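Colleague: Pasting a structure below so you can have a look.
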Amino acid sequence: MAPSLPLPKNYFTCPPLNVMETEYLMDTARSNSIDVIARTTVADNDKSGLIKWTLDCHDGEQTIYRGDDWDAPQGVQSFLGVFELKATLDEVAGLYACHTDDTMAEFRRSVAKNVLDMQQLYVLSAPSDDNPRHFVGIKWAAVASPGMVRHRDWVLLESHHDFEWEGRRGWARTTKSIDLPCIPSSSTDDWNLVRGFQLRSGFVFLEAPHKPGTLHAMQLHQFDLLGKLPSWIVALGIKKRCRAFLNLAKYVRELRLGKTVAAFVPAHEWAVKDLRSHCRGCRKRFLPLVHVKSHCRACGEVFCQHCSKHWSVNLALSYAGTCEETTTGSGGVASCHRTSNQHSHPPHSHQSARGLVRLCMTCSITPNTLLSDIEVATRTSPTSTLVVPTAQMGLSKREQGHNRTMKEYMSGDAPRHTQSMHRGSSNQYGFHRSPSTTTSSYHSSSEAFFGHPNGLVDTNQQRPRNDLIPLADPNDE
């Protein structure tokens, strides 16, 4: 009997990758990042030749576009969400930095609450002191679906890259589906999951010009949920995911609040509720049996329920020798009590230090103004930065030609950049496909594609799996 979700740690057994496989995946991740960044450009999209974006709706501060991508396989829908975010690149990169079991669990609790389970399969390039925001790896994730729709699972090649575009710094987290022989789609039948297909997706953050502490936040979704869902249900699901992107502003604020917990007023210095007859915020009189008095954990004053709210913060972020010891009471509300240095011990790494803290409106907004310029004073780009040339933003995929296939790595004699095959013609290796065959399958993607000798396949390039192009042995050439 298969275990239920979430799965035990290191549940999947994946064989180690050789050097050629790792290099192929690293190059694929890099090119996918460039593709995602290029497709998040709405202005002058008629000249770009990539995706024609049309306005779909306005959702609060976010604008959602629907796209027509000539390069997308049938069934893949394209949506783009754009809004301005009061945050820094370090903060958004920190929210998505989940590379260990503990950080992935925290990521699911705080940011990706719809993720049922997540497993790290491979780490191809880990963050370093010189490149703390860089990462490339492969993850498996099970994601909840709304209503009666079966949950989906994904095997994704994920990459985190710093980049520069038109002199502006940016950071991107991009993903795309990939097939691994150690986790076939049939292996998730025991959990009633359907394997989804992601052509390319990602979150792109670009520093706003003349607005220190502000980012242009963009999310791109191009995927097919597969199964037997109507296209309009898939579109609704994608737009719902786009709307959840607005919660990023809340997560950034909670991250900042967690770093200021050590400065909260201790409990013995809070204002006495019985001595407060009016709310400190709206100045309305507290009526018996009508209004509930609540303390703001930051300033210690008394507010009504309308002038204060709960925030979910990670109190371990600001843990110091003398701090607020947090205990979770009824309803999951965290209570704070001042403790001495000799009795203060940091929480264990495997335990969650996240708790609900009630703050007034003023104290919950203050971190945005206090920390908005955290990066401006010392702006230093990481050692390794993905440079996205302006000219390349206007090129189609087949014109860019920045991918190398696994066969080129095996032969070792191909140029660094190769032209991709054209539909309905012979590719550079002599494999011919008719236009009807090409356009009716996932071969319609303009990147070159080949099956890996060990079964590693880029799912963006072809479906179904029984239609693999055999990879010739380079020793026979």
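Just so you know, all these numbers are worked out from the coordinates, no wet-lab data involved. Source: prediction; values computed, not measured. Please note: Cβ atoms are built from the backbone with ideal geometry, for glycine as well, and neighbour counts cover all protein chains shown.
Colleague: Over its Cα atoms, what ratio of radius of gyration to 2.2 N^0.38 Å does the stretch 144-263 give?
Modeller: 1.31
Colleague: Then there's this: Listing Thr40, Thr22, Thr54 from the residue with the fewest other Cβ atoms within 10 Å to the one with the most, what is the order?
Modeller: Thr54, Thr22, Thr40
Colleague: Among Cys182, Ser145, Phe107, whose Cα projects farthest towards the positive end of the dipole of the stretch 19-256, with charges put on the beta-carbon of Lys, Arg (+1) and Asp, Glu (-1)?
Modeller: Ser145
Colleague: Sorted by mean Cβ packing within 10 Å, highest first, what order do the peptides 182-191, 197-206 take?
Modeller: Descending mean neighbour count gives 197-206, 182-191.
Colleague: Take peptides 127-136, 72-81, 246-255, 154-163 and line them up by average Cβ neighbours within 10 Å, highest first, as a rough protection proxy.
Modeller: By packing density, highest mean first, the sequence is 154-163, 72-81, 246-255, 127-136.
Colleague: Kindly flag which residue pairs out of Lys250/Lys284; Lys86/Lys240; Lys86/Lys273 have an alpha-carbon separation exceeding 25 Å in this structure.
Modeller: Lys250/Lys284; Lys86/Lys273
Colleague: Another one. Please sort 288-301, 262-275 by packing, taking for each peptide the average over its residues of neighbouring beta carbons within 10 angstrom, highest first.
Modeller: Most protected by this proxy first, the peptides run 288-301, 262-275.
Colleague: When the scattering of the stretch 117-179 is computed by the Debye formula from its Cα atoms alone, each counted once and equally, what is log10 I(q)/I(0) at q = 0.16 Å⁻¹?
Modeller: -0.64
Colleague: Now, a different point. Treat each spin label as a single point 7 Å out from the Cα along the C-beta direction, and report the Phe286 to Ala235 distance in nm.
Modeller: Spacing of the two 7 Å Cα→Cβ label points: 5.2 nm.
Colleague: Now, a different point. Taking 2.2 N^0.38 Å as the expected size of a compact globular protein, what ratio does the Cα radius of gyration of the stretch 19-256 give against it, to two decimals?
Modeller: Relative to the 2.2 N^0.38 Å estimate, the stretch 19-256 comes out at 0.97.
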